[in-house]
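What follows draws every value from the coordinates through simple rules; no lab data is involved. A quick note: this is a predicted structure, and the numbers were derived from the prediction, not measured. Cβ atoms come from the backbone with ideal geometry, glycine included; neighbour counts cover every protein chain shown.
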Amino acid sequence: MSTSTLLKSFIKNPPNTSYQGRDNDERIILVIRKSLVAVYKWVLMFILLLIIPIFLMPWLASLQYNNYFIFTAGFIRCLTAFWYLFSIGFTFQNFLNWYFEVLLVTNKKVVDIDNSCTNISEATLNNIQDVTSKISKGWEQILNIGSIYIQTAAEREEFEFDTIDNPSFVRDAIADLISKHKGHHGH
C-alpha cells in the first residue's frame, strides 16, 4: 500500500489490511477514518507550537534582574529542546489517534475501532437494521463531510462515526453490502 493510500480517509478493498479477530474467510471491503479536514486543529496547533519559541526564547534570554540574566543559555537550550519534544509528541499522539480510529466494513460485519485501539465494537451485517448519514453544518455541506449512524439489533445499539468524507456514499456502500449479505444468507 502506498503512503498516499495509507493517509486516505476512505479506502476501498485495502490490500494487506487486517485486524485481530478477523475470520479466515472475511475480507475487509472499506476502511473509513475521519476526514483529513478533522486534523486541522492539531496541525494548526503544531505550527503555532513551532513558531512560539522563535519569539519566546529570545525574550526569556533577555530578561534581567539587578543586571543579571534570569535564565542561562543552557536553560534556554534545554527549555527549547523540551518545547519541541513536547510539540512533536503532541502532534504524533494526535496523528495516531486519527490514524487508528477507524470503521472497518467487511463482508461479514462492521468493526468500530475507537480511542487508539482500546475500544473495539463490532456488529454482524445480519444485525444491522439501519444506516443513516447526516450532514448538518454549512461548512460540512460545502466540504461534503458528515456522520454515519448504524443502528443494530446487537448489544451495542448504535455505531456513530463523525467527520467522514462523503457520508452518503459510505452509507450507500454499507447498505449495499448489507442487502447483498442478507440476500446470500436468505436463500
Report task. For the chain, just the Cα atoms, rotate onto the principal axes and tell me the three extents in Å, largest first. Result -> 89, 39, 33
Query raised in the report: How many nm separate the modelled label positions at Leu36 and Thr17, each set 7 Å beyond the Cα in the direction of the Cβ?
Result: 1.6
Query raised in the report: Most exposed first by the Cβ proxy, i.e. fewest other Cβ within 10 Å, how do Lys180, Lys34 rank?
Result: Lys180, Lys34
Report summary line: By the C-alpha gyration tensor axes a ≥ b ≥ c (rounded if a/c is under 1.5, else prolate when a/b exceeds b/c, else oblate), the shape of region 18-62 is prolate
Report summary line: Membrane-span-like helices (DSSP H runs, Cα span along own axis at least 20 Å, mean Kyte-Doolittle at least 0.5) in the chain -> 40-62, 73-100
Query - Helix-only [θ]222 nm of the chain, DSSP H runs n ≥ 4, -39500 (n - 2.57) each, per residue, nearest 500 - result: -14500 deg cm²/dmol
Query raised in the report: Taking N as the number of residues in region 41-95, what value does Rg over Cα atoms divided by 2.2 N^0.38 Å take?
Result: 1.34
Query raised in the report: Using a simple charge model, +1 on the beta-carbon of Lys and Arg, -1 on the beta-carbon of Asp and Glu, nothing else, what dipole does the chain show about its Cα centre, in debye to the nearest 20?
Result: 520
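Could you list Tyr65, Tyr84 in order of exposure, starting from the residue whose Cβ has the fewest other Cβ atoms within 10 Å?
Result, fewest neighbours first: Tyr65, Tyr84.
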Query - Average Cα contact separation per residue, region 41-95, under 8 Å, 6 or more apart, as relative contact order % - result: 45
Query raised in the report: What percent do you get for the relative contact order of the chain when only Cα pairs under 8 Å and 6+ apart count?
Result: 18
